[in-house]
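> This structure is in structure tokens; I'll ask about it shortly.
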Amino acid sequence: MWKGDRREFLQGSGRAVGGAVLTLKMDAFARGSRLFGGHALLTNHSSSEALPPLYNTNIRTAIGLGDETPGIIDEYGQLDSRNASVCLDIGNILRGSPDLKWSQSLEEGYLPIVRTEVRSSQGNVCWTACATNGANIDADCLEVTRADLPSTFELWFPFATRIEVKDRIVTGGDRILAVLPASANVKVSQAKYNLLTPARESWSLFRPPWAPAPAAGSEPIAIPGLDVAFSSGRSSYLFRPLRYRFPVQPGKTYHVVLGLMGSKSSEYVLNVSQQLVKLSVDDVSETVDMADLVHGKPFLRDFEVKASGKELHVTSETDPSSTSPYRYTRLNAIWIFEHAVDLNQVQAGVLSGKALYYVRCGEEAMEDRACAVRFDLPSLDTSDHRVYLPYDLHADSHSAVADLRATSPTTAAKQRWEPVLENGAQFITGDSRLDNLYRTSLLNIFLLRTKYPGAANQRQDLYVVKPGASIYNAFWYRDGAYITAALDVAGHSEEAEKSLRLFWQTGLPGNLGSYEQQECGAWQAPVGQSDGQGEVLWALLHHFQISGDAEWLRAVYPSIRKGAAWIRNVTEQTRYLMENGERPIYYGILPPAEGEAIGQGYIYYHDFWAAAGLRMAIKAAKAMNVMDDVKWMTDTYDTFCANLAASVKQAFERVGGNKYIPATPYHSVSQFDIWGSIAALYPTKFLGPHDPMLSQTLDLMRKNCREDEYTYFNTKKLWTYITADWAMCYMLRDDLEMFSRLFNGYVAHASPTNGWTEEMFLDTRYGTGDMPHGWAAAQYVHLHRNVLVYEDNDVLHLSWGAKEAWLSNGIKVHRAPTKFGILGFELRKSGETLVLDYRLTPKAHQESCRQVLLHIPPSGRKALSVRINGAVKNVGPDQHVIQVE
């Protein structure tokens, strides 16, 4: 078992962090803690393995009530709620403190109640943030629990152009936006306009979407002869439009000039050449083909509009016929004039100061686009030191506000989430860090999903699982398959079924219809990525295996059949010969597509999943006793697997030089990253655990990895949660030393609030993508469960990845669903005897278990016997596995 100290770990990984990161954090805070983003202090967290803290600096934590967009807490403890953003400015004394200590934690180690603490020799400030439904009012709440120093709250309201404060209640329009404590020095400012697209779902083109707010004084460099707005811009994707709202006089005519600039592609300035962008001012619109735009040459459009009401609405959105799978949109600048203008002068920036409104998109100041309330923190001698941010409360609901103030927000939050955990399966290792990671990961899945009432067939509710609450607030089949399967194995099959409705039902409303299975049988979300085909088939049949719900499978089966037929049809199209009569290397595999973090081409990752999907489709046909389908599906599977095996072997030799399985038949590791090759073993099991090609590939990945995480070959980045699949490959190879190393590495990169970002730059330690990440949470649910309970074909493995230290408190598994039935067991050590109390209760329509195996955790001192349900079995000197039944 690997137990290195922090220095040894980092020296071996080729990366040193520590004091430098602390200095950066303090400097960032000294420059102004009010900025939304920045470096965070890497603080130690407890674990029985003493794992080094290697999580990303820009951590985020979700709070909420589930089924809707959650609030996000940043590394400073600042809250981004649905209607407001909350900052806590702690004052000049603390900012200059040389011994600043900054930390975050969760209530009881796992609940979505975030405690932030800033400590120094001059004083401490502590506060908690959570979502509550006390008094039956849904709201986010921030509560200060200790403040030795003067502090000031700032509340920003980005979706209101005017607010009022009366009797400590902030209203905007007909809604209560905030409930304040008894405070002094209350100051109010009004917005000039609103950016109606949540800032967390769009980003400035001047910096990556994951970057913090810029330091004071930094700004885009102007292009000579052009307004500075053309040097930046705002972008969004996944069908999300950019929307702005401007107060105007009804009946008056305005000239609204919108500006776009084509750009070169880079890692974060996205290539939108495949986009058709629709620009609109109220009901007047024009569609722009971004492929026609030349970099360095702006496009301007003057909309002459007569205001029909008190507001003008400006929108930039993606035309549905755009060919890019991610549907990007953008906007660089907005000018609103009260008279006609010369567009050449607008382009040159001459008239920006004379406009009624001038917006540099992507660089909008909060003071311009959001109303604000600032007030001093009340004395903690009073009981009133909470800020409530209601989700949807009418302005005349003052009596409800009194009820809300009378409740405990943390008590209500606990009452919301504890039953969710108690009603599911229990997988207890006895290591509090690991058990808490499991609990929080499961809760994050619930926090990140969205409920669409009545959107499913028969007007049932539809629940969409999502990998993030900001830029990934959308649906991917890749992430969704892992997440729904995690709900199944965690004992929440009813919840998994609600989300699987999107996988197979048709005729869904709005954008949901764009995600559903296509008429031809394809599952592609986003369009152009084909791994979803196998992943959906796997997720659907996995749900049946776990639940045993034959009636559900009967309803779903036509969709499964269409999905399998799509694989048959498209692979027949690639079965043709070259001019010389030879088979091409792509013979009989899936057609070219886009591979996530890979590139364009014939993507083996998609093929591995297609093989797993066909295998699952055959199981479904057998369960439904449709033998004609079993035959053609089996023929398709056998033919496809033979062609894929031949292609992979050829690519391994020609492209990989007998050292690795490449991502495609044509691209070396120096061109396309090979992370998808992991899937050949886990989860798809296309290749056997000890296949020589797989062994060589895993060895190359091991040599390239840093910090015991999967490391890209072409960028200095870690991909956190892919490490979980990689670790499982080693468990299936029974290489528990390497499995433990990667398991520990994954845990080490979880934040103190039990979340992961998607990726992380090794040089800056910035996390990219979204956080907390839903797929990452699902991966830990699977990994935590698999170390204790794992089905390998028709064999059930117990404690395969367990550690000896867990036996001191005893391993406990209760109400664990498996494809063989409901499992419960407890494993502990009594002297030199392992004691196993075990029960497996089969369910109707589930598979039969051929064998149950108990793995004895590696130990310096071996057990001499195992007592299984009272019966004693002796253990041989080299015996590591005991047959239970």
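The values are calculated or read from the model by the stated rules, or taken from the named source; none is laboratory data. Keep in mind that this is a model prediction, so the values were computed, not measured. Note that each Cβ is placed from the backbone with ideal geometry, even for glycine, and that neighbours are counted across all protein chains shown. The accessibility values were calculated without ligands, DNA or RNA, using every heavy atom of the protein model including side chains. Shrake-Rupley method; radii C 1.70, N 1.55, O 1.52, S 1.80 Å.
> Hey, can you tell me all the residues within segment 508-532 that are outside any helix (DSSP H, G or I), among the hydrophobic types (A, V, I, L, M, F, W, C) and touching a strand residue (DSSP E or B) at 6+ places or on another chain (Cβ under 8 Å)? Spell out how you get there, then give the answer.
As a first pass, look at segment 508-532 and keep what is outside any helix (DSSP H, G or I): 508-511, 516-530.
Narrowing further to those that are among the hydrophobic types (A, V, I, L, M, F, W, C): 508, 520, 522-523, 525, 527.
Across segment 508-532, the qualifying residue is only LEU508.
> Of the residues LEU834, LEU798, LEU823, which single one is surrounded by 14 or more Cβ atoms within 10 Å (Cβ to Cβ), among the aliphatic types (A, V, I, L, M) and at pLDDT below 95? Spell out the reasoning first.
Values: LEU798 fails: at pLDDT below 95; LEU823 fails: at pLDDT below 95.
Every option except LEU834 fails the conditions.
> Hey, another quick one. Go through segment 457-491 and report how many residues are among the β-branched types (Val, Ile, Thr), modelled with pLDDT of 95 or more and assigned to a loop (DSSP other than H, G, I, E, B).
Adding up the residues that qualify gives 1.
To keep it simple, each residue is scored yes or no on (1) in a loop (DSSP other than H, G, I, E, B); (2) touching a residue at least 40 places away in the same chain (Cβ under 8 Å).
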| residue | (1), (2) |
| --- | --- |
| GLY581 | yes, no |
| ASN625 | yes, no |
| PHE640 | no, yes |
| GLU653 | no, no |
| ILE661 | yes, yes |
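> Would you point out the residue of segment 300-334, among those that are assigned to a loop (DSSP other than H, G, I, E, B) and among the aromatic types (Phe, Trp, Tyr), that is modelled with the lowest pLDDT?
Filtering segment 300-334 down to residues assigned to a loop (DSSP other than H, G, I, E, B) leaves 307-310, 319-328, 332.
Okay, now just the ones that are also among the aromatic types (Phe, Trp, Tyr), so 326, 328.
Values: TYR326: 78, TYR328: 86.
The selected residue is TYR326.
> Any residue in segment 548-569 that's farther than 22 Å from ASP607 by Cα: show its pairings with residues that are loosely packed, with under 13 Cβ neighbours inside 10 Å and among the aliphatic types (A, V, I, L, M) at Cβ separation under 7 Å, as long as the two are six or more apart or on different chains.
GLY548/ALA844
> Also, quick follow-up: Looking at segment 477-506, which of its residues are over 18 Å from the mean Cα position of the chain (by Cα), touching a residue at least 24 places away in the same chain (Cβ under 8 Å) and more than 15 Å from VAL556 (Cβ to Cβ)?
Those that are over 18 Å from the mean Cα position of the chain (by Cα), touching a residue at least 24 places away in the same chain (Cβ under 8 Å) and more than 15 Å from VAL556 (Cβ to Cβ): VAL489, ALA490, GLY491, HIS492, GLU495.
> Moving on. Would you check which residues across segment 586-597 are open to solvent by 20 Å² or more (accessible area, probe 1.4 Å) and in a loop (DSSP other than H, G, I, E, B) and list them? Spell out the reasoning first.
Filtering segment 586-597 down to residues open to solvent by 20 Å² or more (accessible area, probe 1.4 Å) leaves 586-587, 591-592, 594, 596-597.
Answer for segment 586-597, where residues must be open to solvent by 20 Å² or more (accessible area, probe 1.4 Å) and in a loop (DSSP other than H, G, I, E, B): TYR586, TYR587, PRO591, PRO592, GLU596, ALA597.
> Tell me, which strands (runs of 3 or more DSSP E) lie completely within segment 336-421 with 2 or more residues that are more than 18 Å from GLY172 (Cβ to Cβ)? If you could, list the steps in order and put the result at the bottom.
On the way: elements: 357-360, 371-376, 386-390.
It comes to 357-360.
> Now, a different point. In this structure, does TYR576 turn out to be over 30 Å from THR841 (Cβ atoms) and either free of Cβ contacts under 8 Å to residues at least 40 places away in the same chain or exposed (fewer than 15 other Cβ atoms within 10 Å of the Cβ) (or both)? Outline the logic, then answer.
Working: over 30 Å from THR841 (Cβ atoms): yes; either free of Cβ contacts under 8 Å to residues at least 40 places away in the same chain or exposed (fewer than 15 other Cβ atoms within 10 Å of the Cβ) (or both): yes.
Judged against the criteria, TYR576 is a match.
> May I pose another question? Can you work out which of the residues in segment 498-537 that are among the acidic types (Asp, Glu) and surrounded by fewer than 19 Cβ atoms within 10 Å (Cβ to Cβ) is nearest to LYS819 (Cα to Cα)? Break it down into steps so the answer makes sense when it comes.
Filtering segment 498-537 for residues among the acidic types (Asp, Glu) gives 516, 519, 531, 535.
From the residues that got through so far, the ones that are surrounded by fewer than 19 Cβ atoms within 10 Å (Cβ to Cβ) too are 516, 519.
Values: GLU516: 27, GLU519: 31 Å.
Result: GLU516.
> Of all residues in segment 685-730 being part of a loop (DSSP other than H, G, I, E, B) and either charged (D, E, K, R) or in contact with a Gly (Cβ under 7 Å, 6 or more places away or on another chain) (or both), which is most open to solvent (accessible area, probe 1.4 Å)?
Taking segment 685-730 first, the residues part of a loop (DSSP other than H, G, I, E, B) are 685-691, 705, 707-708, 710, 712-716, 720-721.
Checking the rest, the ones that are also either charged (D, E, K, R) or in contact with a Gly (Cβ under 7 Å, 6 or more places away or on another chain) (or both) come to 685, 691, 707-708, 716.
Working: LYS685: 55, ASP691: 38, GLU707: 3, ASP708: 11, LYS716: 145 Å².
So the residue we want is LYS716.
> Checking PHE761 against (1) within 24 Å of PRO817 (Cα to Cα); (2) surrounded by fewer than 21 Cβ atoms within 10 Å (Cβ to Cβ); (3) not β-branched (Val, Ile, Thr), which single condition isn't satisfied?
(1)
> Another question, then. Go through segment 337-381 residue by residue and tally those that are surrounded by fewer than 17 Cβ atoms within 10 Å (Cβ to Cβ), of a type in the set (Val, Ile, Thr) and either within 25 Å of ALA184 (Cα to Cα) or in contact with a Gly (Cβ under 9 Å, 6 or more places away or on another chain) (or both).
Number satisfying all stated conditions: 0.
> Would you call TYR388 of a type in the set (Ser, Thr, Tyr), under 26 Å from CYS87 (Cβ atoms) and crowded, with 22+ Cβ neighbours inside 10 Å?
Working: of a type in the set (Ser, Thr, Tyr): yes; under 26 Å from CYS87 (Cβ atoms): yes; crowded, with 22+ Cβ neighbours inside 10 Å: yes.
Judged against the criteria, TYR388 is a match.
> Checking the condition at pLDDT 90 or above, outside any loop (DSSP other than H, G, I, E, B) and over 30 Å from LEU807 (Cβ atoms), which residue from ILE93, ILE72 passes? Reasoning before the result, please.
Details: ILE93 fails: at pLDDT 90 or above.
Being at pLDDT 90 or above, outside any loop (DSSP other than H, G, I, E, B) and over 30 Å from LEU807 (Cβ atoms) holds for just one of ILE93, ILE72, which is ILE72.
Here's the yes/no breakdown for (1) closer than 28 Å to TYR472 by Cβ; (2) not polar (S, T, N, Q):
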{"residue": "ASP167", "(1), (2)": "no, yes"}
{"residue": "ASP174", "(1), (2)": "no, yes"}
{"residue": "TYR193", "(1), (2)": "yes, yes"}
{"residue": "SER232", "(1), (2)": "yes, no"}
{"residue": "GLN249", "(1), (2)": "no, no"}
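> Tally time: how many residues in segment 811-838 are of a type outside the set (A, V, I, L, M, F, W, C) and under 26 Å from LEU541 (Cβ atoms)? Quick ask: steps written out before the conclusion?
To start, the set of residues in segment 811-838 that are of a type outside the set (A, V, I, L, M, F, W, C) comprises 812, 814-815, 817-819, 821, 824, 826, 828-833, 837-838.
The next check asks that each one be under 26 Å from LEU541 (Cβ atoms); those that pass are 814-815, 817-819, 821, 824.
So the count comes out to 7.
> Another one. ASP435 fails exactly one of the following numbered conditions: (1) acidic (Asp, Glu); (2) open to solvent by less than 40 Å² (accessible area, probe 1.4 Å); (3) within 30 Å of TYR388 (Cβ to Cβ). What is the number of that condition?
Every condition holds for ASP435 apart from (3).
> Pull up segment 174-203, narrow it to residues that are more than 20 Å from PHE246 (Cβ to Cβ) and polar (S, T, N, Q), then point me to the one that is modelled with the highest pLDDT.
Residue satisfying both the conditions and the ranking: ASN185.
> Another question, if that's okay. Which of (1) over 22 Å from THR636 (Cα atoms); (2) assigned to a helix (DSSP H, G or I); (3) in contact with a Gly (Cβ under 6 Å, 6 or more places away or on another chain) does LYS562 not meet, given it meets every other one?
(1)
> Go through segment 600-652 and give me each residue that's open to solvent by less than 60 Å² (accessible area, probe 1.4 Å) and at positive phi.
Correct list: GLY601 only.
> If you don't mind, there's one more thing I want to ask. Pick from THR841, THR818: which is out of contact with any His (no Cβ under 7 Å at 6 or more places or on another chain), surrounded by 15 or more Cβ atoms within 10 Å (Cβ to Cβ) and hydroxyl-bearing (Ser, Thr, Tyr)? Before you say what the answer is, go through the steps one by one.
Values: THR841 fails: surrounded by 15 or more Cβ atoms within 10 Å (Cβ to Cβ).
Answer to the check: THR818.
> Moving to a separate point now. Among the residues of segment 498-510, what is the count of those that are in contact with a Phe, Trp or Tyr (Cβ under 7 Å, 6 or more places away or on another chain) and either over 19 Å from VAL527 (Cα atoms) or modelled with pLDDT under 95 (or both)?
Qualifying residue count for the region: 2.
> Does ALA215 satisfy being surrounded by fewer than 19 Cβ atoms within 10 Å (Cβ to Cβ) and either at pLDDT below 80 or under 24 Å from PRO325 (Cα atoms) (or both)?
Working: surrounded by fewer than 19 Cβ atoms within 10 Å (Cβ to Cβ): yes; either at pLDDT below 80 or under 24 Å from PRO325 (Cα atoms) (or both): yes.
In short, yes.
> Name the single residue that is surrounded by the fewest Cβ atoms within 10 Å (Cβ to Cβ) among those in segment 279-299 being at pLDDT 95 or above and under 33 Å from the mean Cα position of the chain (by Cα).
Per the stated criteria, the residue is SER280.
> What number of residues in segment 846-879 are at pLDDT 90 or above, part of a loop (DSSP other than H, G, I, E, B) and exposed (fewer than 15 other Cβ atoms within 10 Å of the Cβ)?
Counting residues in segment 846-879 that are at pLDDT 90 or above, part of a loop (DSSP other than H, G, I, E, B) and exposed (fewer than 15 other Cβ atoms within 10 Å of the Cβ) gives 4.
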